[in-house]
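Novice: The structure under discussion is supplied below as structure tokens; questions concerning it will follow.
Derivation of every value follows stated rules applied to the coordinates shown; laboratory data play no part. Just so you know, these numbers come straight off a predicted model, no measurement behind them. Neighbour counts run over all protein chains shown; Cβ positions are idealised from the backbone, glycine included.
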Amino acid sequence: QTVVRLEDYRPPAYLIDRVDLDVRLHPSATRVTAVLAIRPAEGTPAGTPLVLDGDGLRLEHLLLDGRSPEPEAYAASPVALTLHCPPAQPFRLEIETVINPEANSALMGLYRSSGTYCTQCEAEGFRRITYFLDRPDVLAVYTTRIEADRTEAPVLLGNGNPVEAGPIAGTERHYAIWHDPHPKPAYLFALVAGRLASVHDTFTTRSGRLVRLAIHVEPGKEDMCGWAMDSLKRSMAWDEHVFGLEYDLDVFNIVAVSDFNMGAMENKGLNIFNDKYVLADPETATDQDYGHVEAVIAHEYFHNWTGNRITCRDWFQLCLKEGLTVFRDQEFSSDMRSRPVKRIADVRMLKSHQFPEDAGPLAHPVRPRAYREINNFYTATVYEKGAEVVRMLKTLLGAEDFAAGMALYIRRHDGDAATIEQFLACFAEAGGRDLEQFALWYEQAGTPRLEVTSAHDPDTATLSLTLTQSLGPTPGQASKLPMLIPVRLGLIGPEGADIGLRPRERDRVQGDVLLLSERSQTFTFDGVTERPVLSLLRGFSAPVTVNATPSPADLLFLLQHDSDPFNRWQAAQDLATRELMRLYAARRKGDVLAVDAALVSALGDVLTDEDLDPAFRAQVLHLPGEADLARDIGRDVDPDAILSARTQLRHAIGRAHGQTFASLADRLGRRPFAPDAADAGERALKGLCLAYLAVSDQDTRADIIARHAREADNMTDRIAALSVLVHEHLAGADTALAAFERRHAGHPLAMDKWFTVQATSPHAGTLTIVDALTRHPAFDWTNPNRVRALVGAFTTGNQSQFTRPDGAGFVYLGDVVERLDQRNPQLAARLVSAFRSWQALEPKRAALAEGVLSKLAGRATLSKDTRDIVERCLA
Ligand code: HT7
Ligand code: ZN
């Protein structure tokens, strides 16, 4: 397989200034005529061949400046159209291809989802539509004529602004022409055609442009678009207000489709979404879904500037648009909701998805240097760690210089296909900084580890703090250089108040941020009369792990007093993790220890502290997950012992505070549903109370929970109660499952939750149930959402059952991957990534996982996508 390397990047030899597309839609034979205005780039020697990319294409006709070229002047294959000796002057190439959208099960290029024609061109899907220079640094102005049967596709949408539309006389067909004045790479091209219903609104930009907004969905789903529309308008206003960025077309269209490989796509003026991230009503969507819709709508909208107006030079720069845009959507959600709770949720996500990636065979830098299949690099590292790197930049520069850097980046690179170097240069310039060492965050894979030791001297009233960083080897990177790590620090006095920092090394400390740039550095603080408690890495100021060994008393103190809410939560997590590790170690030796009563009591204090936001309380009482513990254990992992340790601690907490859980569950979240952060927080805490109540010794617990499942008037409460019934095997679970199924049978996204609840049950029969559910009428192997909700939830959300000691979970995933691989390689490759931490498992399980991976690797027909992941897992 070919490896693409960053160092091999060369600017394109030819440029395409204009693209005129004529797409005559037909289910199995869509005719695409592309007229390309091409010219040699400056410095291209005359006679340099022009090689256009294709993927599975067949050339029907070719005209060069209006004439058929001689057969020996070109070569056409499914993967390339080559002009051996193109003109040295600008020329026009007219290319006709015929493609089959109905047969396109990979969901890349032009395909059909429930009858709607739609496209997905990122990263390399445009080449499945026509031959093209399908690379992000070739920017063209597109005009698209779409033609289709009027009954089959009354709605015709393209990029940019609508130009004209009308019937085609004497036929059942009609057409629409769209023009996008903003030059763009092919990956941002889109068209949609189908029987769609629409919801409309408007937004007036601050410079007075009236933008017509529309969301297009399957007929009957219009009532579920209100939240998405509201989120869109808030996103547009926020981007103007916070970044000074306005929308730049007269229309903004969003289309929701049910078959989609990822979350959504930021095509210029025509965002296409997985319907999961558009449709929301209280009956079928949880608070979490509302949050996701808001965030994804914002994310795709924000791409209009960070991604579309300024795009990537090549796919190695993917984090340039994705990391930055995730940072922007996180900030948006923080402003819309509780900032600390959002930060906790984001860090939880980073630690559970990105840290394991960084710790295993799939580790790669935020900006990778090589890939075999670019689709496999839409990862937590590029997205979430990429966002953390931007966040650190803001921490290092301060809000003002960061804003100046962003403004310069937009000013300087509008219309460019840019690089990380160019992005960083703007911040270096605006902030007057040297960011050379900081740039290592983009280059070095792995999660840095910080060792912290401190010494307090009451005689001199000084505190010295020594920070030592290390970064282990990752694939292709044996040794690493020290990074620039911003460590936000608080010192807390005995009364619980912050002590002002008086650092000696003033040039290495900015406000409350220590700048760790060497392997080991000591920071000295004066005026510290009494031993302070350290609050390290406040707000999770860098994506690192910290080894500081504070005493349990100090952690309890932080949980009670830290002025940084993030670190209060972190202290609870550290306490719980420590306790779980102790219980785990004992269970591995066959012992069962008593649970630490101080931890249980401290969590009870948080639970009943009415001064704290319910959402925050829910986060504190939510114990680290099984996969989080596995990651911290790191080697020779026994998932069954993890599950037992976690279950033991949950039971201890449930038993100690059973009454409180029961009464809170009764009291909380009783207002009629509204998707705001305050109400959502109450529902989160209520759900958590039900989960603990289930493992308490309250006699009526099963009845109470079953009642919650029965009487819930919204999906958040219903699914929370149902999960508890099913996962705890309580009486009433089957009845509640059946009731849910009856209620939501006609709604696939709601049924996905029903699949997920059953797939994530930590009981021995779960795999058999998962397999049986694949034959349920609501399940569909061809729909990625269904597959992810059932099989994906089992492999990534049910550690103990996926890693069953008999290896049946691994074999099952291997079979599923083989089954899906030819149909939808991207989906298969994502699913097989669940093996990424196999080497950390205890030897017997590891050998079984390796066996399945090796068998897959031996399949001659494996797709490029899946083979890439499998072989990297085995390397
Ligand atoms: N930029 C979009 C990425 C995406 C994608 C990539 C590969 C295959 C299918 C895909 N669909 C969407 C989404 C985003 O990050 O905004
Ligand atoms: Zn994105």
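Novice: In what sequence, highest mean first, do 317-329, 336-348, 60-72 appear when ranked by Cβ atoms within 10 angstrom?
Specialist: Put in order of decreasing packing, that is 317-329, 336-348, 60-72.
Novice: Can I ask one more? Work out the FRET efficiency for residue 857 and residue 470 from their Cβ-Cβ distance, taking R0 = 41 Å, and round it to the nearest 0.05.
Specialist: Computed FRET efficiency for residue 857 and residue 470: 0.80.
Novice: For 97, 395, which order do you get if you count the other beta carbons within 10 Å of each Cβ and list the fewest first?
Specialist: 395, 97
Novice: Place a +1 charge on the Cβ of each Lys and Arg in the chain and a -1 charge on the Cβ of each Asp and Glu, then give the dipole magnitude about the Cα centre in debye, rounded to the nearest 20.
Specialist: The calculated dipole for the chain is roughly 1120 debye.
Novice: Need one word for the range 235-384: rounded, prolate or oblate. Basis is the Cα gyration tensor (sqrt eigenvalues a ≥ b ≥ c); a/c below 1.5 gives rounded, then a/b vs b/c decides.
Specialist: rounded
Novice: Among 29, 125, 14, which residue has its Cα positioned farthest towards the positive end of the charge dipole of the range 4-195, with +1 placed on the Cβ of Lys and Arg, -1 on the Cβ of Asp and Glu, and the dipole taken about the Cα centre?
Specialist: The one lying farthest along the dipole's positive direction is 29.
Novice: Give me the net charge for the shell around residue 520: Cβ to Cβ below 14 angstrom, other residues only, Lys and Arg +1, Asp and Glu -1.
Specialist: Neighbour charge sum, excluding residue 520 itself: 0.
Novice: Which order do the peptides 288-295, 724-731 come out in when sorted by mean C-beta neighbours inside 10 angstrom, highest first?
Specialist: 288-295, 724-731
Novice: How would you rank 9-19, 787-797, 743-753, highest first, on the average number of other Cβ atoms within 10 Å across their residues?
Specialist: Averaged packing, sorted descending, gives the order 787-797, 743-753, 9-19.
Novice: When 102, 147, 400 are ordered from fewest to most other Cβ atoms inside 10 Å of their Cβ, what list results?
Specialist: The fewest-first ordering by Cβ neighbours comes to 400, 102, 147.
Novice: Given an 8 Å cut-off on Cα distances and at least 6 residues of separation, report the relative contact order of the range 4-195 as a percent.
Specialist: Here the relative contact order equals 23 percent.
Novice: With r as the distance between the Cβ atoms of residue 481 and residue 455 and R0 = 35 Å, compute the FRET efficiency 1/(1 + (r/R0)^6) and round to 0.05.
Specialist: The value I calculate is 0.80.
Novice: What FRET efficiency comes out for residue 819 versus residue 529 if R0 is 56 angstrom and r is the Cβ-Cβ distance? Round to the nearest 0.05.
Specialist: That pair, residue 819 with residue 529, gives E of 0.25.
Novice: By how many degrees, between 0 and 90 and to the nearest 10, does the Cα long axis of helix 843-857 differ from the longest principal axis of the chain?
Specialist: Rounded to the nearest ten degrees, it is 0.
Novice: May I pose another question? Given only helices, namely DSSP H runs of n ≥ 4 each adding -39500 (n - 2.57), what is the per-residue ellipticity at 222 nm of the chain, to the nearest 500 deg cm²/dmol?
Specialist: -12000 deg cm²/dmol
Novice: If you don't mind, there's one more thing I want to ask. Please name whichever of 737, 637, 226 sits farthest to the positive end of the charge dipole of the chain, dipole taken about the Cα centre and charges placed at Cβ: Lys and Arg +1, Asp and Glu -1.
Specialist: After comparing all options, I get 637.
Novice: Report the gain in length on full extension from residue 739 to residue 114: 0.36 nm times residue separation, minus Cα-Cα distance, nm rounded to one decimal.
Specialist: 222.3 nm
Novice: Give me the extension gain from residue 671 to residue 39: residue separation times 0.36 nm, minus the current Cα-Cα distance, reported in nm with one decimal.
Specialist: Separation in residues times 0.36 nm, less the Cα-Cα distance, equals 221.1 nm.
Novice: Angle between the Cα long axis of helix 552-561 and the longest principal axis of the chain, 0 to 90 degrees, nearest 10?
Specialist: 70
Novice: With angles folded into 0 to 90 degrees, how steeply does helix 808-821 sit against the dominant principal axis of the chain? Use alpha carbons for both and round to 10.
Specialist: Rounded to the nearest ten degrees, it is 20.
Novice: Please report the spacing between the Cα centers of the range 1-67 and the range 537-559 in Å, no decimals.
Specialist: The two parts, judged by their Cα centres, are 54 Å apart.
Novice: Separation between the residue 875 and residue 508 pseudo-spin-labels, each 7 Å from Cα along Cα→Cβ, expressed in nm?
Specialist: Output for this residue pair reads 3.6 nm.
Novice: With a point put 7 Å past each Cα toward its Cβ, work out how far residue 13 is from residue 334 in nm, to one decimal.
Specialist: So the label points at residue 13 and residue 334 sit 4.8 nm apart.
Novice: How much length is gained on full extension from residue 212 to residue 707, taking 0.36 nm per residue of separation minus their Cα-Cα distance?
Specialist: The span from residue 212 to residue 707 would gain 173.7 nm if fully extended.
Novice: Select from 777, 652, 238 the residue farthest towards the positive end of the dipole of the chain; place +1 on Cβ of Lys and Arg, -1 on Cβ of Asp and Glu, and compute about the Cα centre.
Specialist: Of the listed residues, the answer is 777.
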